[in-house]
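Let me begin by presenting the structure, written as structure tokens, before commenting on it.
No value in this document is a laboratory result; all are computed from the given coordinates. Only a predicted model underlies this, so the values are computations on that prediction, with no experimental measurement involved. Cβ coordinates were reconstructed from backbone atoms using ideal geometry, including for glycine residues, and neighbour counts include every protein chain displayed.
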Protein chains: 2
Amino acid sequence: MVVSSVTTLDVHDISRVCRTFGVGTFFVVTPLKTQQELVERLVGHWLKGHGAEYNPTRKEALLKTKVIKSLDDAVAEVTEKSGEKPCVVVTGAKQAPNRIGFGTLKEQLRKGGPVLLVFGTGWGLEKNLIRNADFVLEPIEGNNGFNHLPVRGAVAIILDRLLGRS
Amino acid sequence: MVVSSVTTLDVHDISRVCRTFGVGTFFVVTPLKTQQELVERLVGHWLKGHGAEYNPTRKEALLKTKVIKSLDDAVAEVTEKSGEKPCVVVTGAKQAPNRIGFGTLKEQLRKGGPVLLVFGTGWGLEKNLIRNADFVLEPIEGNNGFNHLPVRGAVAIILDRLLGRS
């Protein structure tokens with residue numbers, strides 16, 4: 001899974017949700033060197049620093065969290081690891097021709113083969129990124145037209161729908 | 001819905017999730033006067049202060065957020081508003097005799113009648129509170145035994161399961 005431009009709290013929250021649902025790798029994508037260093041320091045603190053002893057659960061949650069400079073690099077890494085180019089599915093886009101529903105994607109995940117789910121924060125994902133994705137996941141609909149979920153909430157709901165037991 | 005002892009970010013996140021799924025009132029429960037004031041100031045900023053113009057969406061999300069000093073007060077307020085004592089359902093407890101499943105609670109919500117969902121943060125809910133609840137909601141299971149979701153993620157998943165369309 002990929003999330004672009006996050007806060008340190010996003011990293012913690014999303015790592016815990018990814019770990020709960022068995023996501024292979026959670027890539028934090030940012031082209032900014034300072035942000036990369038910030039996330040690396042945070043992850044290092046909980047994996048190797050005082051945090052590892054203080055809260056082993058948090059350590060476990062962050063074991064598969066990795067900062068990376070671009071989505072292309074994440075795609076390359078998954079391709080190398082799994083020997084297959086991942087199917088790239090972006091989330092949060094309102095309009096898109098190549099839409100995929102939760103049921104269909106859940107089915108695809110069950111069959112196997114790498115899938116890279118892409119989330120954006122704040123002002124959403126770049127248009128180019130949406131155009132180049134294999135699919136755009138259908139939006140989460142509430143029940144009254146209000147559609148401004150925090151990315152942390154959206155990740156939790158989407159992983160539960162795709163990978164949860166119920 | 002009730003959440004006890006939250007950070008300001010929890011208030012924002014959970015308010016947005018509640019608004020998405022049409023929750024009647026989101027009560028932030030804290031017995032501490034300083035925390036009550038903090039949450040009231042935050043909500044006031046977005047409802048009446050500069051925040052209301054800067055981000056009307058956030059204002060809309062916080063319209064039904066209310067700080068209150070105890071769960072009993074929340075129960076009393078819901079009872080007064082709806083003319084009926086709410087069914088109190090606590091979440092996050094591992095062991096409980098009076099368990100209710102997502103499907104059964106979803107059905108009950110559809111039929112109508114007030115339901116008060118109770119979440120705790122950090123170190124969980126008081127034992128007394130769990131004993132006095134009408135039901136304990138079944139836990140969210142991931143797919144590998146790791147069970148440490150942030151409360152923000154748990155609220156999102158539970159409201160989606162109970163009130164979402166899919």
**Q.** Amide proton proximity set for B:Phe26, modelled H, under 5 Å, gap of 5+
**A.** B:Thr65, B:Lys66
(Q) Angle check, please: helix B:151-163 long axis (alpha carbons) against the longest principal axis of chain B (alpha carbons), in degrees 0 to 90, nearest 10. (A) 70 degrees
Q) Using 7 Å Cα-to-Cβ label points, what is the B:Leu109/A:Gln36 separation (nm, one decimal)? A) 4.3 nm
Q) Between B:Asn144 and B:Ser82, 0.36 nm times their residue separation minus their Cα-Cα distance comes to what? A) 18.2 nm
**Q.** Efficiency of FRET from Cβ geometry, A:Thr7 and A:Asn55, R₀ 22 Å, rounded to 0.05
**A.** 0.70
Q | For the stretch B:21-162, convex hull volume per residue from C-alpha positions, Å³ | A | 132 Å³
Q) Shortest first and in nm to one decimal, what separations exist between B:Pro31 and its copies in the other chains, measuring from label points 7 Å along the Cα-to-beta-carbon line? A) 5.3
Q) For labels at B:Arg99 and B:Arg131 in the simple 7 Å Cα→Cβ model, what's the distance in nm? A) 2.1 nm
Q) Whose amide H sits under 5 Å from the amide H of A:Phe119, counting only residues 5 or more places off or on another chain, with H placed in the peptide plane? A) A:Val2, A:Val3, A:Ser4
**Q.** Per-residue HN-Hα couplings for the stretch A:97-111 [Karplus 6.51, -1.76, 1.60; θ = phi - 60°; Hz; x = Gly/Pro]
**A.** x, 8, 7, 10, x, 4, x, 5, 5, 4, 4, 4, 5, 5, 5
Q. In nm, one decimal, shortest first: how far is the label point of A:Pro56 (7 Å from Cα along Cα to beta carbon) from the matching points in the other copies?
A. 5.3
(Q) Rounded to whole angstrom, how close does the nearest chain A beta-carbon get to the axis mapping A onto B, and which residue is it? (A) A:Ala156, 2
Q. Mind checking which of B:Lys85, B:Lys48, B:Lys64 has the largest fluctuation in a GNM of chain B, springs on alpha carbons under 10 Å?
A. B:Lys48
Q | Label geometry 7 Å along the beta-carbon vector: B:Glu77 inter-copy distances in nm | A | 4.5
(Q) If the elastic network links every pair of Cα atoms under 10 Å, which of B:Leu116, B:Leu105, B:Leu62 fluctuates the most in the Gaussian network model of chain B? (A) B:Leu105
Q | Relative contact order (%) - criterion: Cα under 8 Å, at least six apart; region: chain B | A | 28 percent
